[in-house]
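Heads up, the thing below is written out as structure tokens.
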There are 2 protein chains.
Amino acid sequence: MEKVADVQCFGGQQQRFKHVSLVLNCDMHFSLFLPPQAKNAKVPVLVWLSGLTCTDENFVTKAGAQRVAAELGIALLAPDTSPRGEGVADDEAYDAGMGAGFYVNATQAPWAEHYQMYDYIVQELPALLAREVQALDLKRMSIMGHSMGGHGALVIGLRNVDTYQSISAFAPICAPSQCPWGEKTLGYYLGQDRSTWQDYDASVLLASAKKSIPIRVDQGLADNFLTTQLMPEKLIAAAPQNYPLQVLQHKGYDHSYFFIASFIEAHIRFHAEFLNQ
Amino acid sequence: MEKVADVQCFGGQQQRFKHVSLVLNCDMHFSLFLPPQAKNAKVPVLVWLSGLTCTDENFVTKAGAQRVAAELGIALLAPDTSPRGEGVADDEAYDAGMGAGFYVNATQAPWAEHYQMYDYIVQELPALLAREVQALDLKRMSIMGHSMGGHGALVIGLRNVDTYQSISAFAPICAPSQCPWGEKTLGYYLGQDRSTWQDYDASVLLASAKKSIPIRVDQGLADNFLTTQLMPEKLIAAAPQNYPLQVLQHKGYDHSYFFIASFIEAHIRFHAEFLNQ
């Protein structure tokens, strides 16, 4: 693991690393913000999963998240959205291939060789950080994301309720089995047997949830993808009675980082309740 | 003037406009954040001038300024850093030509035809906004910027103390007559008679200031350009006794937007003291 950037920000350090991923079978980058408290104590980790076309850097430069993370003493981990590099299968469109890993373990050629983002996020990256960055307390971890990354956060959190303390999402793809983005790309990565998609569909997972994990979702009502791709109503309908799910709808907000920046403070404070216990 | 983007952000609107500039003799873009208060009242205007290589969009996406501007009811105006387009003179390097207007009125060929950024910022753009955006109170205006834009804010504010209420700068070029960036590009735009450079040198202007305008400067001490290009010590040395200049130095911070984001709240609150009187 090689540190390729380290810049002071809100009294903490915004860092970027390069490493060899054995799970993804390629070189990867990720970004890590260490709050000032990390100089003296182990700090909890809040994972951010980005949306289609993003790298690990969009969130770091655009969301304005470091301010509140520095105040509350929480590290921010931003992985990339897919495997990268020569020899990694790709698609001409923005919604499959590089920049569009969908946080699944692909089973189909030519994708399966590299597209194992679920295992990378859940297993390889936390294990790497546990070995390499002493300041992180990886027993206190929560997860959030945007759009495809909101889908990733919901799926990964719901399938690992003992690993993550809380989940949040901005404009997540709530039912990828039933929207064009998901139908195309889950078809590529998992094949046409839709029963294999269920493990990666947050609405399906929530409907059968055995154990509760607190979830917060924020959705802009001026979001162009709301009705065709995101469908938060399916998540709401799937939630078992009394499940700790809150879905907050915001008039006038679209799908952009201006929406994320407007509500990132509320998300980090939501997670802090569970991370700082 | 054509609105090309309008996105909700912190309850206000982040907008982008395209217009024909008669002063610059080309099409220009600028960005404008209207805080929520602008729906019901005229709001003051805080101008941001960006640094080398930037457009009007870097500040808008990276600084995280809209949150505090929305809280305090201040509009943020972010112009571009130079004329643009086919037929506009350019340089192969990043520190002259497009993206590097230096906020001066060029007198030399081939630059003079388009590079009139001083008049564009001081006269044309405020006059355009006074006509087109009723929500702005252009009698309450302050100015700030970064690096080349910090130089621009200091020069424009010091030469127009009745137009602007206050000035601030992040890592400004404090004495462009005496640093490589300024010597190269003021030479291009103004010619080799260095007496013509004095009107664009903040340290020279401050030394002969007849009327005070409050100034705040923040400088990171891990900034690679500190000693060769920025030289805040020259601004401090030039200030008349009891001049309301504060220069704050910050250990560990570099020249990037992570530095700007860390202190933008303090700058906007500094200006609000004078804008909201």
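Computed from the coordinates by the stated procedures, all read-outs in this text should not be read as laboratory data. Quick caveat: nothing in here was measured; it's all calculated off a predicted structure. Note that each Cβ is placed from the backbone with ideal geometry, even for glycine, and that neighbours are counted across all protein chains shown.
Considering the range A:61-82, and only residues there that are surrounded by fewer than 24 Cβ atoms within 10 Å (Cβ to Cβ) and among the β-branched types (Val, Ile, Thr), the residue that is farthest from B:Glu265 (Cα to Cα) turns out to be A:Thr61.
For the range B:87-105, a residue qualifies if it is within 16 Å of the chain's Cα centre (by Cα) and on the phi > 0 side of the Ramachandran plot, and the qualifying residues are B:Gly99, B:Phe102, B:Tyr103.
Can you tell me which residue within the range B:37-60, out of those that are among the polar types (S, T, N, Q) and over 16 Å from the mean Cα position of the chain (by Cα), is surrounded by the most Cβ atoms within 10 Å (Cβ to Cβ)? Once the filter is applied, the top-ranked residue is B:Gln37. For the range A:169-182, the count of residues that are surrounded by 17 or more Cβ atoms within 10 Å (Cβ to Cβ) and within 14 Å of chain B (Cβ to nearest Cβ) is at least one. If A:Ala222 passes every condition in (1) surrounded by fewer than 19 Cβ atoms within 10 Å (Cβ to Cβ); (2) away from chain B (no Cβ under 14 Å) but one, which one does it miss? A:Ala222 satisfies all of (1) surrounded by fewer than 19 Cβ atoms within 10 Å (Cβ to Cβ); (2) away from chain B (no Cβ under 14 Å) except (2).
Note on the range A:46-65: residues that are of a type outside the set (Phe, Trp, Tyr) and within 14 Å of chain B (Cβ to nearest Cβ) amount to 9.
Here's the yes/no breakdown for (1) within 14 Å of another protein chain (Cβ to nearest Cβ); (2) surrounded by fewer than 22 Cβ atoms within 10 Å (Cβ to Cβ); (3) in contact (Cβ under 8 Å) with a residue 40 or more places away in the chain; (4) in contact with a Gly (Cβ under 6 Å, 6 or more places away or on another chain):
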position: A:His29; (1), (2), (3), (4): no, yes, yes, no
position: A:Ala89; (1), (2), (3), (4): no, yes, no, no
position: A:Gly99; (1), (2), (3), (4): no, yes, yes, no
position: A:Ala106; (1), (2), (3), (4): no, no, yes, no
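Selection of the range B:40-87 for residues being in contact with a strand residue (DSSP E or B) (Cβ under 7 Å, 6 or more places away or on another chain) and of a type in the set (Gly, Ala, Ser) yields B:Ser50, B:Gly51, B:Ala65, B:Ala69, B:Ala70, B:Gly73, B:Ala75, B:Ala78, B:Gly85. When the range B:6-24 is filtered for residues that are aromatic (Phe, Trp, Tyr) and either under 19 Å from B:Asn105 (Cβ atoms) or more than 8 Å from chain A (Cβ to nearest Cβ) (or both), only B:Phe17 remains.
If only residues of the range A:236-277 that are of a type in the set (Val, Ile, Thr) and more than 14 Å from chain B (Cβ to nearest Cβ) are counted, the one that is nearest to A:Val43 (Cα to Cα) is A:Val247. None of A:Asp201, A:Asp193 is of a type in the set (Asp, Glu) and within 21 Å of A:Leu52 (Cα to Cα) except A:Asp201.
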